[in-house]
Amino acid sequence: MSMRGQRGFTLVEVLVALMIVALSLAALMSSISSTVRGSEYLRDKTIAQWIAMNRIVEARLNIQKFGESKDKGEVEFANRKWRFDTRYFETDNATIRRVVVRVWPGTAKPGAGPLAESASFLGSALTPAGGNQVDWTLQNKPAGPNPGGPQNPPGRNINPTLPR
């Protein structure tokens, strides 16, 4: 066999192939990095929302804090430190207050916006449990065989399993 019949890749062809592979790997790494950042953000946002909801439940259970207007603190959750700010606002009804909880990661800068915010209402019951409560579903409904429920037009059976 002669050396003239065999051919290999030239240096330029090898360099072009390596450049194409390097650019593809860089694009792939960028895509993976973006996906990881998005997953981390969603994980942190979910945890912050859980903390906010936990703080609302704690505010509902701690009636003695009802008179305070704000509550700040830190909590450790999922092996990380988190900061929270709970604020209480007056409403038109003297027995009901609005509570807003905002949560930041412990490493967040002071001017950064909250990662999660949740709001709810706190108050005392308008009537005691089991007391005389108004059935609001019957208000302004026409009297008849099925007040407040779906109307069954004559000759049409809505639920075929029941007799007319």
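The values are calculated or read from the model by the stated rules, or taken from the named source; none is laboratory data. Just so it is clear, the model here is predicted, and its values are computed rather than measured. Positions of Cβ are generated from backbone atoms using ideal geometry, with glycine treated the same way; all protein chains shown enter the neighbour counts.
Structure data summary
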read-out: Residue within the range 122-131 that is part of a strand (DSSP E or B), touching a strand residue (DSSP E or B) at 6+ places or on another chain (Cβ under 7 Å) and at pLDDT below 95 present; value: yes
read-out: Verdict on Lys81 being more than 30 Å from Ser124 (Cα to Cα), under 25 Å from the mean Cα position of the chain (by Cα) and among the charged types (D, E, K, R); value: yes
read-out: Residue, modelled with the lowest pLDDT, within the range 93-121, restricted to residues that are hydroxyl-bearing (Ser, Thr, Tyr) and assigned to a loop (DSSP other than H, G, I, E, B); value: Thr95
read-out: From the options Ile32, Ile51, residue that is surrounded by 10 or more Cβ atoms within 10 Å (Cβ to Cβ), at pLDDT below 95 and in a helix (DSSP H, G or I); value: Ile32
read-out: Every residue from the range 97-123 that is surrounded by 14 or more Cβ atoms within 10 Å (Cβ to Cβ) and aliphatic (A, V, I, L, M); value: Val99, Val100, Val101, Val103, Ala108, Leu115, Ala116, Leu122
read-out: Residues located in the range 1-53, provided they are within 27 Å of Lys81 (Cα to Cα) and of a type in the set (Phe, Trp, Tyr); value: Tyr41, Trp50
read-out: Filter pass, Ala59 being of a type in the set (Gly, Ala, Ser) and either surrounded by 11 or more Cβ atoms within 10 Å (Cβ to Cβ) or in contact with a Cys (Cβ under 9 Å, 6 or more places away or on another chain) (or both); value: yes
read-out: Residue among Asp71, Asp85 that alone is in a strand (DSSP E or B) and modelled with pLDDT of 90 or more; value: Asp85
